[in-house]
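Here the structure comes first, spelled out in structure tokens, and everything after it is commentary.
Since every read-out is calculated from the coordinates, none of them should be taken as a lab result. Computed from a predicted structure; not experimentally measured. Cβ coordinates were reconstructed from backbone atoms using ideal geometry, including for glycine residues, and neighbour counts include every protein chain displayed.
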Amino acid sequence: MPPAPPRPVAGLHHVTAISGPPQENVDFYAGLLGQRLVKRTVNFDDPGTYHLYYGDAAGTPGTILTFFPVIGAAPGREGAGQALAYAYRAPRGTGFDAWAERLEGLAEGPLAERFGDRVLSLRDAHGQRLELVEAETTGAALEGFHSVTLWLRDPEPTARLLVDVFGYEPAGHAQAPGEERLRFVARGGGIGGIVDLLRRDNAPAAQQGKGTIHHVAFRAEDAGHQMALREALRAAGQQVTPPIDRQYFNAIYTREPGGVLFEVATDPPGFAVDEAPDALGNALQLPAQHEHLRTRLEAHLPPLKVPA
């Protein structure tokens, strides 16, 4: 008898992308989009580079967007085998209109409609595609992730993984000339609960670089849930890493059948593990294995000014 499937995931934990110079990245996300810089640390695998985390005031899973800002990075290329865009939840009605007016100069074409909601497509300071989607929110701010779009040549194997392992449910299918979009929703309908799979005719191959997404991370409630998901991924034929300590969560990684790098990250311990909640993002935080490099890194990494 096959093992019981693991508990469904609650949605996205975070999305990680590659950007250009860090100050321009901070100005866009903490300034223009009003996200909180909740953590300034380094790429644990390449400590000479920042790893910046943005989110809501508490750094709640499902609101977290992270960047490896690489000065001098060559632009990437959008194509099949990558996560194409992440979308923020924007308030319905006049709140969405206000955001659309504020960001009009960055818009890629007119407002569109997707599964009944208005969508504004944008590019950030370094060419990354992002979207604002109308949603039920509690205020005027952007309120965490609405969804992420994966661009795939064949969506079916990825769809099976989302449903059979992560517990997503099919929620929509839209077609347009030369493309189709499949929607999957995590049970519970919380922030970051939607994954769209996009297929386009004659899609080029993706190439990683500045302005592209590095990986997409899903939520595990705790280490036990993560290990159950790991075993389910392995049973589905996926190669999966052992858990890796990322200071603010433990992570496992697998490359799904369409080529997108998936991570499963634990909710605990969270971003207040090394600084007080009201001081998140104020100072450079280093994991224990890199603390001996602090003086060198602080001299090497460019200073950052967070917009008020």
For this session: Enumerate by residue number the GluC sites (Glu not before Pro) in the stretch 66-125 meeting two conditions: DSSP loop (anything except H, G, I, E, B), and at most 15 other Cβ atoms within 10 Å of the site's Cβ.
Result: Glu108
Problem set entry | Mean Cα-pair separation over length for the chain, i.e. relative contact order, pairs under 8 Å, 6 or more apart, % | 26 percent
Seminar exercise, completed: Reduced to Cα centres, the span from the stretch 19-73 to the stretch 153-183 in Å works out to 29 Å
For this session: Select from Ala140, Ala73, Ala220 the residue farthest towards the positive end of the dipole of the chain; place +1 on Cβ of Lys and Arg, -1 on Cβ of Asp and Glu, and compute about the Cα centre.
Result: Ala73
Exercise. Under the classification rounded if a/c is under 1.5, otherwise prolate if a/b is larger than b/c and oblate if not, where does the stretch 95-213 fall, given a ≥ b ≥ c as square roots of the Cα gyration tensor eigenvalues?
Worked result: oblate
For this session: Enumerate the calculated ³J(HN,Hα) couplings along the stretch 249-254 in order (Karplus 6.51 cos²θ - 1.76 cosθ + 1.60, θ = phi - 60°), each rounded to whole Hz, writing x wherever the residue is Gly or Pro.
Result: 6, 9, 10, 10, 10, 8
Seminar exercise, completed: Residues whose modelled amide H sits under 5 Å from the amide H of Ala135, counting only those 5 or more places away in sequence or on another chain, are Ala90, Arg92
Problem set entry | Length-normalised contact order of the stretch 126-209 in % [C-alpha pairs under 8 Å, at least 6 apart] | 32 percent
For this session: Starting from the amide H of Gly81, placed 1.01 Å from N in the peptide plane, find each other amide H under 5 Å away whose residue is 5 or more places distant or on another chain.
Result: Trp151, Leu152, Arg153
Exercise. Which value, in debye to the nearest 20, describes the size of the charge dipole of the chain about its Cα centre when Lys and Arg Cβ atoms bear +1, Asp and Glu Cβ atoms bear -1, and nothing else is charged?
Worked result: 380 debye
For this session: Consider the candidate values (1) 18.3, 52; (2) 18.7, 58; (3) 19.8, 59; state which one is Rg and Dmax of the Cα atoms in Å computed from the structure displayed.
Result: (2)
Seminar exercise, completed: Burial-style ranking of 239-251, 217-229, average other-beta-carbon count within 10 Å with highest first, yields 217-229, 239-251
Exercise. Residue farthest toward the positive end of the dipole of the chain, with Cβ of Lys/Arg at +1 and Asp/Glu at -1: which of Pro6, Trp151, Gly258?
Worked result: Gly258
For this session: Rounded to the nearest 500, what is the 222 nm mean residue ellipticity of the chain from helices alone, with -39500 (n - 2.57) per DSSP H run of 4+ residues and division by all residues?
Result: -4000 deg cm²/dmol
Exercise. Nearest 0.05, what FRET efficiency do Asp201 and Glu113 give at R0 = 25 Å with Cβ-Cβ as r?
Worked result: 0.70
Exercise. What residues qualify as long-range amide H neighbours of His51, i.e. H under 5 Å apart, gap of 5 or more or another chain, H built at 1.01 Å from N?
Worked result: Thr41, Val42, Asn43
